[in-house]
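See structure below.
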Amino acid sequence: MTQTQPASAGSAKALPATGGPSSLSPSTAADPGKNRRGLKFKLALVVLTFAAATGIYFAHFSDNRPIVSVERVAPAPTDRVLIVSGRTRSELEADLRTAVSGTVATAVAREGARIKADQVLIELDAEPAQLNVREAQAALDSAVVSRQRAQEDFDRARALGTAISQVERTRAAEALAAAKLEVQRLSAALERAKIALSDYRIVAPFSGTLLDRLVEPGEFTQAGSVVLRIADLSHLYAEIEVDEDYSASLQAGQKALIRLAGRDDTLPGRVSLIEPEVNTTTGAVPVRIAFDQIPIAPTGLTAIVNVVTASSEAALTVPRTALVARAGPAVFKLRDGKAVLTPIKIVDWPADRVEVKEGLRAGDLIILNPEKITDGEAVKTTSQSAGKGP
């Protein structure tokens, strides 16, 4: 008889369990105490992360330091240039006026025409003056005949000698003297008549170019009226007026560059004359700039003149906008994150940059936008550039 042996507890342990609670190992079994501690740790980590982010946010947006741009001062070659506008002029210019009133009979030249010295440019109707010349000439001719007769009478009386009375000889001599005086008087009258006739003509005083003609044939013009303007364009120069504050920096011979209106190129020149008198109306000194080579250009043309008054191989300069007006010549230097008001001595010159003589050294950082900045105030920088010449 076969017996079936019941399974024992030992045999049950020999078979690995595949399910149910007995499949959990002791290390992974749920522990309520440990779960609560882990949750607290995670919450603390989230709180710390949020606090850190919030601190950074408020630290960033609560920084109310003004933002400034700075420039590092550096020596550079510098030219001190005076820029002034003026106009072209000619050393030989003339406004021609009529000496008498009259009607324009002829006007032979037009604007832009080349003219020669002593050329007749305008003639007025001179019929009355011509009549005076003819009458003066006729009177002189008659006086010359009378003088010739008087000379003959005097010669005959002298030849007769004592054959005629002394009275007759004296009369003959007096008649001759009077005849000579009359010829002289009428000669002078003829000259005056000719001069008066010449007043009806306008003649070029020198060779040049006709700039403007203000009358036409048939028009009536009053005595003293300007009817022509002429100039010799081969003697062209530029005339500028320099403020009296800067005129002392000018000297004859200083180099200049001239740019004429309508032209892209610049023309070399030099200071040729500084007038010794200040214009009391404008407070400026007239200065003449000579061209190295005379250009072909009209008078009255606008000229922009750059005169180099001084040069330096290594000058310290700062933008004029960096100057603190309320503190006299001064700038803000950046030192340890703060704006430090620093007095300086400058060469005040009409340019975008000014030369600094005292108060700054190469390498100093200056604030370029000093508006609303106070001495000792903490600032933030956004950009930095190197210094340069004016």
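Quick grid of which residues meet (1) part of a loop (DSSP other than H, G, I, E, B); (2) in contact (Cβ under 8 Å) with a residue 40 or more places away in the chain; (3) under 30 Å from residue 112 (Cβ atoms):
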| site | (1), (2), (3) |
| --- | --- |
| 259 | no, yes, yes |
| 264 | yes, no, yes |
| 272 | no, no, yes |
| 276 | yes, no, no |
| 281 | yes, no, no |
| 286 | no, yes, yes |
| 289 | no, yes, yes |
| 296 | yes, yes, yes |
| 299 | yes, yes, yes |
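Among residues of the range 303-319 being surrounded by fewer than 19 Cβ atoms within 10 Å (Cβ to Cβ) and out of contact with any Lys or Arg (no Cβ under 6 Å at 6 or more places or on another chain), the one that is modelled with the highest pLDDT is 306. Over 30 Å from residue 247 (Cα atoms), acidic (Asp, Glu) and surrounded by 13 or more Cβ atoms within 10 Å (Cβ to Cβ), is that true of residue 123? It is true that residue 123 is over 30 Å from residue 247 (Cα atoms), acidic (Asp, Glu) and surrounded by 13 or more Cβ atoms within 10 Å (Cβ to Cβ). Of everything in the range 320-369 that is over 24 Å from residue 248 (Cβ atoms) and acidic (Asp, Glu), the residue that is surrounded by the fewest Cβ atoms within 10 Å (Cβ to Cβ) is 336.
How many residues does the range 136-157 contain that are of a type in the set (Gly, Ala, Ser) and within 18 Å of residue 174 (Cβ to Cβ)?
4
Look at (1) surrounded by 15 or more Cβ atoms within 10 Å (Cβ to Cβ); (2) modelled with pLDDT under 95; (3) touching a Lys or Arg at 6+ places or on another chain (Cβ under 9 Å); (4) not hydrophobic (A, V, I, L, M, F, W, C) and you find that residue 269 fails only one, number (2). Test residue 366 against the stated conditions and say whether it is touching a Leu at 6+ places or on another chain (Cβ under 8 Å) and aliphatic (A, V, I, L, M). Yes. Residue pairs whose Cβ atoms lie under 7 Å apart, separated by 6 or more positions or on different chains, with the first residue in the range 129-146 and within 13 Å of residue 192 (Cα to Cα) and the second outside any helix (DSSP H, G or I), are 129/200.
Report those strands (runs of 3 or more DSSP E) wholly inside the range 59-145 carrying at least 1 residues which are of a type in the set (Val, Ile, Thr). So that I can check it myself, show each step before the final result.
On the way: elements: 67-72, 76-90, 93-97, 102-107, 120-124.
Where strands (runs of 3 or more DSSP E) fall fully within the range 59-145 and carry at least 1 residues being of a type in the set (Val, Ile, Thr), they are 67-72, 76-90, 102-107, 120-124.
Does residue 231 count as in contact with a helix residue (DSSP H, G or I) (Cβ under 6 Å, 6 or more places away or on another chain) and among the small types (Gly, Ala, Ser)? Before the answer, list the steps.
Values: in contact with a helix residue (DSSP H, G or I) (Cβ under 6 Å, 6 or more places away or on another chain): no; among the small types (Gly, Ala, Ser): yes.
When the stated conditions are applied, residue 231 does not pass them.
Just one of (1) outside any strand (DSSP E or B); (2) surrounded by 15 or more Cβ atoms within 10 Å (Cβ to Cβ); (3) of a type outside the set (Gly, Ala, Ser); (4) assigned by TED's automatic domain parsing to the domain that holds residue 350 fails for residue 190. It is (4).
Within the range 328-347, the presence of at least one residue that is in the same structural domain as residue 306 (by TED's automatic domain parsing), over 27 Å from residue 311 (Cβ atoms) and outside any strand (DSSP E or B) is confirmed. Of all residues in the range 254-309, those satisfying the criterion of being closer than 21 Å to residue 78 by Cβ and not basic (Lys, Arg) are 254, 256, 257, 266, 268, 271, 304, 305, 306, 307, 308, 309.
The values are calculated or read from the model by the stated rules, or taken from the named source; none is laboratory data. No experiment lies behind these values; they were computed from the predicted model shown. When we count neighbours, we look across all protein chains shown, and the Cβ atoms used for this are built from the backbone with ideal geometry, even at glycine.
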